[in-house]
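See below for the structure under consideration.
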Amino acid sequence: MNPDAVNSQLSAPVAAHRLARPNSAVRRAVATAVLGQILEWYDFFLYGTAAALVFGKLFFPVGNDPLIGTIAAFGGFTVGFIARPIGGVLCGHLGDRYGRKNVMMLTMLTMGTATVLMGALPTYHRIGILAPVLLVLLRILQGLAAGGEWSGSILMIHESAPAGRRGALAAWSPSGAAFGFVLSTAAFMLAQQLSHDDFLSWGWRVPFLGSAALVVLGLWMRRSVSESAAFAEIKASRKESRMPVIDVLRQCPREVLTVFGLRFGEGGASYIFFAFSLAYGQFAGIKTSWILGGLTLSMFLMIPVSLLVGHLTDKVGRRPMYLLGALAMVLIAWPFFLLLGSGEYWQVITALLLANSLTLGILEGAQPAFISELLPVHLRYSGLGIGREISSVLGGGLSPMIATGLLAYYRSAVPVAIYLGVLGLITVIATCCARETWPKALRDEARRQAARQQAARRQAE
């Protein structure tokens, strides 16, 4: 199926059904996906924070330089990302064959189990090499779950939303992920109020063990959501693919490659901003509480920026807004490390606000609808699972380890700033090569159909 034909749905019966979908069902899909994202990514981000703060000491005590242990801990971080495309392929296949809802229940259960077990693991000093081995195995489970979670969440929203509001509503999904990060960072900030010895002994475990209650809540909520409208229509018409992973590579190779390019630089930058900034702060002698506080604030403020940008993509198109975020990534690469390394509190906060709230806020707000619409419905979950999650390995998964390695070798942030700028340039190029998925003609038609529907409702009342 041609993706362009799928994305010109406004004249098709699918679009009419979606425009007429009850608002309560759309709200339920958004709420369930967002809350699931909050809980899922709270668990996933816990490892990144712990890798920068404690895992190097407790599970990877290598050599005398603390940066070496941190690099090893980020190696476990990377292993989780290597598992993500495997999870993306598996979840994509299942999601395109059997539905989005069941897969999202599975990802939640897998992620929650792995996270709770991390909090119960003995350290290297108690069981030796078995400790990091078990930690990495649990990280692999987290990666498998994360590989299917993001795509499933945005598709549940995007495929249930009215055509003219897909950008605005789909942007709620990464906002949930951002809030999950805020919760995970806040949990570690509270744990660090303990004495240093208590924090290293047992305090770091509390955020991991506490996620059990959150996961139970998430599973209960996801049971109540309906299957996405678009997939339900594909299933009813018996147009689903029997081998979606193979079919999407055969029918839509350019679109999958475009998804990869759009995600690669953004994913790499995001984990430099999230995880590496903690390691760099420790290297530069900046108070960890400043970095954690700045990350929490900046990620919280990313939420309204993402929601605004999602709304704007419905008005002006997806590609212009994504290009704006890509250019911002290039422009802040050097100022980010200049401000972060200043040692001045407000400059540190400003660096994190520019990076997370502004740059990532723009990219995360525009990305869900943009990359979803590149692919046809019956192959969409698989295409996102392949393109987005492979780029997560090569971009997001490797970036903290590469950045820490550059810092350890050069003892300077300059090479890391250059690396960040290159990631931004890759994103700019990929955006320029991508097609606009929500052009003016479709935006105008969506507005006219929405107006006609509203007038029909008034007349019926």
Requested in this report: Can you tell me which residue among 426, 402 is assigned to a helix (DSSP H, G or I) and in contact (Cβ under 8 Å) with a residue 40 or more places away in the chain?
Outcome: 426
Requested in this report: Determine if the stretch 439-451 includes at least one residue that is assigned to a helix (DSSP H, G or I), among the hydrophobic types (A, V, I, L, M, F, W, C) and surrounded by 22 or more Cβ atoms within 10 Å (Cβ to Cβ).
Outcome: no
Query raised in the report: Within the stretch 367-374, is even one residue in contact with a Gly (Cβ under 7 Å, 6 or more places away or on another chain) and in contact (Cβ under 8 Å) with a residue 40 or more places away in the chain?
Result: yes
Report task. From (1) among the aromatic types (Phe, Trp, Tyr); (2) within 16 Å of the chain's Cα centre (by Cα); (3) over 21 Å from residue 424 (Cβ atoms), pick out the condition that doesn't hold for residue 345. Result -> (2)
Query raised in the report: So which of 437, 404, 431, 359 is β-branched (Val, Ile, Thr) and in contact with an Asp or Glu (Cβ under 6 Å, 6 or more places away or on another chain)?
Result: 437
Query raised in the report: Got a number for residues in the stretch 1-30 being modelled with pLDDT under 50 and over 24 Å from the mean Cα position of the chain (by Cα)?
Result: 20
Report summary line: Filtering the stretch 188-236 down to residues that are in contact with a Ser or Thr (Cβ under 6 Å, 6 or more places away or on another chain) and of a type in the set (S, T, N, Q) yields 211, 228
Report task. May I ask you to verify whether residue 262 is surrounded by fewer than 21 Cβ atoms within 10 Å (Cβ to Cβ), hydrophobic (A, V, I, L, M, F, W, C) and touching a helix residue (DSSP H, G or I) at 6+ places or on another chain (Cβ under 7 Å)? Result -> no
Query raised in the report: Which of the residues spanning the stretch 223-234 are farther than 20 Å from residue 373 by Cβ and either modelled with pLDDT under 80 or among the polar types (S, T, N, Q) (or both)?
Result: 224, 225, 226
Report summary line: When the stretch 31-63 is checked residue by residue, the ones that are within 18 Å of the chain's Cα centre (by Cα) and among the β-branched types (Val, Ile, Thr) are 32, 34, 38, 49
Query raised in the report: From 231, 264, 188, which residue is aromatic (Phe, Trp, Tyr), over 19 Å from the mean Cα position of the chain (by Cα) and under 26 Å from residue 352 (Cβ atoms)?
Result: 188
Requested in this report: Could you tell me which residue of the stretch 116-134 is modelled with the lowest pLDDT, considering only residues that are part of a loop (DSSP other than H, G, I, E, B) and under 19 Å from residue 202 (Cβ atoms)?
Outcome: 123
Query raised in the report: Limited to the stretch 340-398, what total is found for residues that are more than 30 Å from residue 288 (Cβ to Cβ), in a helix (DSSP H, G or I) and hydrophobic (A, V, I, L, M, F, W, C)?
Result: 9
Requested in this report: Kindly indicate whether residue 266 is assigned to a helix (DSSP H, G or I) and under 16 Å from residue 174 (Cα atoms).
Outcome: yes
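Which residue, of 339, 352, 331, is over 29 Å from residue 103 (Cβ atoms), at pLDDT 95 or above, more than 21 Å from the chain's Cα centre (by Cα) and crowded, with 20+ Cβ neighbours inside 10 Å?
339
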Report summary line: Of 360, 339, the only residue that is free of Cβ contacts under 8 Å to residues at least 24 places away in the same chain and aliphatic (A, V, I, L, M) is 339
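Only one residue in 313, 288 is surrounded by fewer than 18 Cβ atoms within 10 Å (Cβ to Cβ) and touching a residue at least 60 places away in the same chain (Cβ under 8 Å), so which one is that?
After ruling out the rest, the residue left standing is 288.
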Report task. Return a yes/no flag: does the stretch 39-46 have any residue that is at pLDDT 80 or above and either more than 19 Å from residue 173 (Cβ to Cβ) or in contact with a Lys or Arg (Cβ under 7 Å, 6 or more places away or on another chain) (or both). Result -> yes
Query raised in the report: Could we say that residue 418 is farther than 12 Å from residue 269 by Cα, modelled with pLDDT of 95 or more, exposed (fewer than 15 other Cβ atoms within 10 Å of the Cβ) and of a type outside the set (D, E, K, R) here?
Result: no
Query raised in the report: Counting only residues that are surrounded by 19 or more Cβ atoms within 10 Å (Cβ to Cβ) and over 19 Å from residue 49 (Cα atoms), how many does the stretch 118-143 have?
Result: 0
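The values are calculated or read from the model by the stated rules, or taken from the named source; none is laboratory data. On a predicted model such as this, the values are computed, not experimentally measured, just so you know. A quick note on method: Cβ atoms are made from the backbone with ideal geometry, for glycine too, and the neighbour counts reach across all protein chains shown.
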